[in-house]
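Here's the structure, in structure tokens; my notes come after.
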Amino acid sequence: MTTAQPVVQMTGISIEFPGVKALQDVDFRLLAGEVHALIGENGAGKSTLIKALTGVYRIDSGTILVDGAPRVFSGPAHAQKAGISTVYQEINLCENLSVAENIMLGHEPRRRRGIDWPAMRRQAAEQLAQLGLEIDPGSMLGAHSLAVQQLVAICRAMVVEARVLILDEPTSSLDSEEVAQLFRVMRSLREQGVAILFVTHFIEQIYEISDRTTILRNGLLVGEYLTTELPRLELVSKMIGKSLEVLEKLEEAPKRTTAHAAGDTPLLQAVGLGRRGSVQPFDLELYRGEVVGLAGLLGSGRTELARLLYGADRSDAGHLELNGEPTRLRSPRVAMSHDISFSSEHRKAEGLVADLTVRENIMLGLQADRGWARRIPRKRADEVVAKYVELLGIRPPNPEAVVSNLSGGNQQKVLLARWLATVPKILILDEPTRGIDVGAKAEIQALIASLAAEGMSVVFISAELEEVLRLSHRIAVMRDRKKVAELVNSEDVGMDEVLELIASGKATP
Amino acid sequence: MSIVRHRLFWPLAALVVLIAANTIKAPNFIRIRLVDGHLFGALIDILRTSAPLLLVAVGMTLVIATRGIDLSVGAVVAISGAVALTFIGSSSDPTSLGTVGVAVGIALALACVLGIWNGFLVSVLGIQPIIATLILMVAGRGIAMLVTNGFIVTVNSAPYKTIGSGFLLSMPVPVLIAGVVFAVVAVLTRRTALGMLIESVGINPEASRLAGVRARSIIWTVYALTALFAGIAGLIASAEVMAADANNVGLFIELDAILAVVIGGTSLAGGKFSLGGTLVGVLVIKTLVLSVTILGIPPSVTPLFKAIVVIAVVVMQSPIVRTKFAARRRATAPVAVEVAA
């Protein structure tokens, strides 16, 4: 198998966007009849690599060989003609058309006048049968579950006799039964000699289905491995970066241990709190002045857990207690009235209001809390804004600057300033240091530590494990949408222990 | 050159050009006379006929800023006039100030209720604004017909007539009413936090929700206000002619209002809004209408003339044309370097 010529061979691919090196000198190959997992954290370059292959992005340097011949595609349609089909995470199908129409759209068999409908239905049925799917071609697509729609999307991708099938996170919204069905289809395609590129965030799925694994990090190739020869622990540490030894050396800062006495009532306590399809029921306690870190990979449920604590999503299992009082957080407003703040990881979509100024963005939380009628006096607003611009070093230090013109790191600081300005008792930070430079990162970490020392309770989420280990009193480990463990941080809790938990869900024996 | 980049430059330029063209054709156009303590003249006429449209457009500006739209304002104009005139017509003393006061109260209260209905559909049930308000747009004239029993109601009531064609402090009453409402809304949105919260909801609803903004009540309030203003516009429109014509009063006023908002530079995608821009937009539209008669343009090509002016303004304001202009200036003056923040 390894001696055969690869169907796709990408060599030395580099792509640069303004200010960002999205891919640097990345090699990638796909063999016929294999499932090849492409993995990496956010911003690693997975989607960029796929888009480079299918011609969505122009590559700045490097070569793409398909069947040994150099090819440059002008777009996904062009790539599809050459036998490279892509199924995206969000299903791009028409819910109001029938399954057969969706499968055959663009490839309808034609007669002299218009479409040959019976032939179309017959061909669609054949395609479905080839994948071993029992779906009525005449039924409306919208009537089916997401999983079935996903399978129809794959079926549609195979209509053009694809030899390469790209599946971009197809399992992120499927339950385990549906994933099993998807995998059956993938296996049967593999036996037919199709090369499958599979992007996923679920570790178990990588080991269940993939033959080989390519890991990307920050736009660089980490390596290509036979999946069976890559231990879970190594996979995770390669994804997150830095070898274990180096990581341990980094932890020179004194470790922080539990900050509360035995008999204290937790400030916040989740009891069996959960939400179907988002995060499985979990218990979590948060004491005054404590930092609880959430460790886990992207998609492990760490964000979903945080959203439940803020009322951004409503829970459908368990309950929440604040100071021992059962409390229902129906909306973010209710959470805010209990002095809880939440800074989302999606800075643009869920954080900042792009066209407003730095001052307006910082004051938004405080002003929303007061209601529209009582405007915060300009003088007070200027004081608050000046304080946080100074404290966080926001550049440019101009409150009238439109926030969308700031750099990513400064936008993050503006968002942080908004929540600090509300002086919360509980601060939930989802990836507060993503995309900002090392200096600013250290400043924000120091700030969080000093806020906690002053009595603020913090839930801290970060993809960077070292950060979580440095700041947290306790660490909750998330894996595949489930809280799998909780550690009290101390000198003898190391990177490897947490990595092991993330990788296998079990503590080292 | 920076004056050209101001977003009100082109609408204002259009207004000035129209007034200049009219003045060249008919030198009297620019004259304002004081007769019996009342101001008269073409410019005053423009202000007077602008009043109902300005009232409607001010509300429309707020609705559009929240990413919404309100198609039902024309229907609310018809209902409000029909209710007020029918009440006055059926009362025993149509000329008493009390009767007129009650009629105005009932009409505006009903307008508010209709706005609350729109707001409920949009903010609570989450129906798309264009669909939600289309319901009342279609049904509203039916309601007005029901109120007037299908007749064009005419009445005689001096106090009510004042609303449409009276004078106060030398100015036409409709101009004063619209001016006061405009000033109140400007103060309400810019001196309180309402304007900023409306913009924040319009730009990024999810971020606003997570920041604790009461998006629902803000959107609801905006629709209620819009209908209230449309109700006031309906009173003025019916008082001008002292007749409630359920089929024709306020016809297409929603489209003119949307046009005025767009000419004023507020994006239909929501977010940043400009009440001053809307005022200029309204004046441009109404000056256009008057220009048609003064410039002697045949009525059959009037819509075309209107369309050409509007297209010109909107094209000049479009982001692509603005960037092109900016790029050309930068080419001629290479010293001015854009500083990226």
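Structure values in brief
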| read-out | value |
| --- | --- |
| Residue A:360 vs. criteria at the interface with chain B (Cβ under 8 Å from one of its Cβ atoms) and within 27 Å of residue A:401 (Cα to Cα) | yes |
| Residue check, residue A:359 under 26 Å from the mean Cα position of the chain (by Cα) and of a type outside the set (Val, Ile, Thr) | no |
| Among the candidates A:208, A:178, A:191, residue that is in the same structural domain as residue A:83 (by TED's automatic domain parsing), more than 26 Å from residue A:304 (Cα to Cα) and charged (D, E, K, R) | A:191 |
| Filter result for residue B:225 (within 13 Å of chain A (Cβ to nearest Cβ) and under 30 Å from residue B:97 (Cα atoms)) | yes |
| Residue check for residue A:395: surrounded by 15 or more Cβ atoms within 10 Å (Cβ to Cβ), more than 27 Å from residue A:307 (Cα to Cα) and either of a type outside the set (Val, Ile, Thr) or within 14 Å of chain B (Cβ to nearest Cβ) (or both) | yes |
| The range A:86-109: number of residues that are among the charged types (D, E, K, R) and part of a helix (DSSP H, G or I) | 1 |
| Enumeration of residues in the range B:172-198 that are surrounded by 19 or more Cβ atoms within 10 Å (Cβ to Cβ) and more than 19 Å from the chain's Cα centre (by Cα) | B:193, B:194, B:196, B:197 |
| Matching residues, the range A:400-424, being buried (at least 18 other Cβ atoms within 10 Å of the Cβ), modelled with pLDDT of 90 or more and assigned to a loop (DSSP other than H, G, I, E, B) | A:422, A:424 |
| From the options A:307, A:330, residue that is under 24 Å from residue A:451 (Cα atoms) and not β-branched (Val, Ile, Thr) | A:307 |
| Qualifying residue in the range A:33-49 (condition: under 27 Å from residue A:408 (Cβ atoms) and either without any contact (Cβ under 8 Å) to a residue 12 or more places away in the chain or hydroxyl-bearing (Ser, Thr, Tyr) (or both)) | yes |
| Of residues in the range B:56-113 being among the β-branched types (Val, Ile, Thr) and not in a helix (DSSP H, G or I), the one farthest from the chain's Cα centre (by Cα) | B:95 |
| Total residues in the range A:18-73, condition outside any loop (DSSP other than H, G, I, E, B) and in contact with a His (Cβ under 8 Å, 6 or more places away or on another chain) | 2 |
| Enumeration of residues in the range B:270-295 that are modelled with pLDDT of 85 or more and not in a helix (DSSP H, G or I) | B:270, B:271, B:272, B:273, B:274 |
| Positions within the range A:105-119 being under 39 Å from the mean Cα position of the chain (by Cα) and either of a type outside the set (A, V, I, L, M) or at pLDDT 90 or above (or both), in sequence order | A:106, A:107, A:108 |
| Members of the range A:53-108 that are within 24 Å of residue A:122 (Cα to Cα) and charged (D, E, K, R) | A:81, A:95, A:101, A:108 |
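The values are calculated or read from the model by the stated rules, or taken from the named source; none is laboratory data. The model shown is predicted, which means the values in this text are computed figures rather than measured ones. Positions of Cβ are backbone-derived with ideal geometry, glycine not excepted, and every protein chain shown enters the neighbour counts.
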